[in-house]
Ligand SMILES: [Zn+2]
């Protein structure tokens with residue numbers, strides 16, 4: 001019996017090696033997509049409810065960066081002109097239902113400016129968020145937006161010692177490029193400018209990974225003209241076949257998995273402890289599972 005199996009296996013190997021090998025053409029996002037959209041919203045005020053409804057209607061995924069110490073509270077923010085603006089934050093018990101299809105992320109427990117406090121306070125701001133938010137939601141918290149967008153090389157280094165894998169600034173790039181540093185992740189633009197870049201992004205049709213990364217605050221939508229911009233944007237960019245709607249944590253994880261793929265002259269391998277990764281072969285797209293290898297045509301194999 002064993003012998004027959006060995007012969008059969010041998011035949012299978014011969015058949016598969018005779019088959020013309022695929023050429024490796026690059027990586028794609030899940031489902032063979034090349035475009036992606038990230039919507040990153042800060043502070044977790046109750047206006048998130050209206051925004052989440054809009055996202056859900058259009059199959060858009062958001063990352064919501066919350067200040068864990070203010071959840072359920074009302075807080076006054078003193079303004080330079082002497083006025084105080086009052087913010088109401090989403091109640092604790094609604095977190096899971098409200099952000100069901102969205103990522104929950106950190107934004108500093110008390111929204112302290114990281115450029116003005118000690119390293120110890122920065123680490124406290126982050127660890128309080130991570131522990132409180134993961135306790136309240138049962139989720140792993142791996143993403144963050146810097147309070148006031150403020151960071152530095154030193155602060156990013158500090159963040160890298162926590163469980164946070166990615167952190168957003170407010171330094172708009174007006175580009176659709178992938179980040180060079182996930183812990184100083186510069187977004188494409190603030191949501192007040194999205195319509196200026198929308199048509200350009202929708203028109204992109206090439207096999208290269210790109211990202212439209214938008215950030216903002218839902219409390220700014222108390223201004224109706226600003227809300228109208230967001231509605232228009234979501235109506236046009238939502239539910240598209242060629243766009244991956246994703247949170248920043250999942251995006252970062254996926255890009256890390258791509259980095260872990262191992263290349264040899266005639267094959268590529270997805271390590272067993274990695275996540276599935278999508279590749280483009282000359283025969284089409286394929287989801288390469290953890291532990292799976294794919295034979296590829298040698299570059300020198302030209303016939
Ligand atoms: Zn903020």
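Laboratory data are not the source of any read-out in this text; all were calculated from the coordinates shown. Remember, predicted model here, so these are calculated numbers, not experimental data. Neighbour counts run over all protein chains shown; Cβ positions are idealised from the backbone, glycine included.
Between helix 224-237 and the chain there is an angle of about 10 degrees, using the helix long axis and the longest principal axis of the Cα atoms. Taking each residue as 0.36 nm, the span from residue 120 to residue 31 lengthens on full extension beyond its C-alpha to C-alpha distance by 27.8 nm. When only alpha carbons are used to place a centre, the range 117-195 and the range 91-107 end up 17 Å from one another.
Length gained on full extension, residue 73 to residue 101, computed as 0.36 nm times the residue gap minus the Cα-Cα distance: 7.7 nm. With a simple spin-label model that places each label point 7 Å from the Cα along the Cα-to-Cβ direction, the separation between residue 267 and residue 285 comes to 2.6 nm. Rounded to the nearest 10 degrees, the angle from helix 2-18 to the longest Cα principal axis of the chain is 70 degrees.
For residue 196 and residue 23, the FRET efficiency from 1/(1 + (r/R0)^6), where r spans their Cβ atoms and R0 equals 35 Å, is about 0.35. The slack in the chain from residue 50 to residue 292, taken as 0.36 nm per residue of separation less the alpha-carbon distance, amounts to 82.8 nm.
Return the percentage of antiparallel bridges among DSSP beta bridges fully within the chain, rounded to the nearest 5 %. Antiparallel bridges make up about 45 percent of those DSSP assigns within the chain. Ranked by the mean number of other Cβ atoms within 10 Å per residue, highest first, peptides 248-259, 98-109, 232-243 order as 98-109, 248-259, 232-243.
Extending 7 Å from Cα along the Cβ direction at residue 86 and again at residue 140 yields two label points whose distance is 4.1 nm. A crude spin-label estimate for the pair residue 253 and residue 222, with each label 7 Å from Cα along the Cβ direction, gives 3.6 nm.
With contacts defined as alpha carbon pairs under 8 Å and 6 or more residues apart, what's the relative contact order of the range 38-249 in percent?
The normalised contact order for the range 38-249 reaches 25 percent.
Axis angle, to the nearest 10 degrees, between helix 119-137 and the longest C-alpha principal axis of the chain: 70 degrees. Footprinting exposure proxy ranking of 77, 219, fewest other C-beta atoms within 10 angstrom first, gives 77, 219. Placing a label point 7 Å from the Cα of residue 231 along the Cα-to-Cβ direction, the residues of the range 23-55 with a backbone N closer than 17 Å are 47-55.
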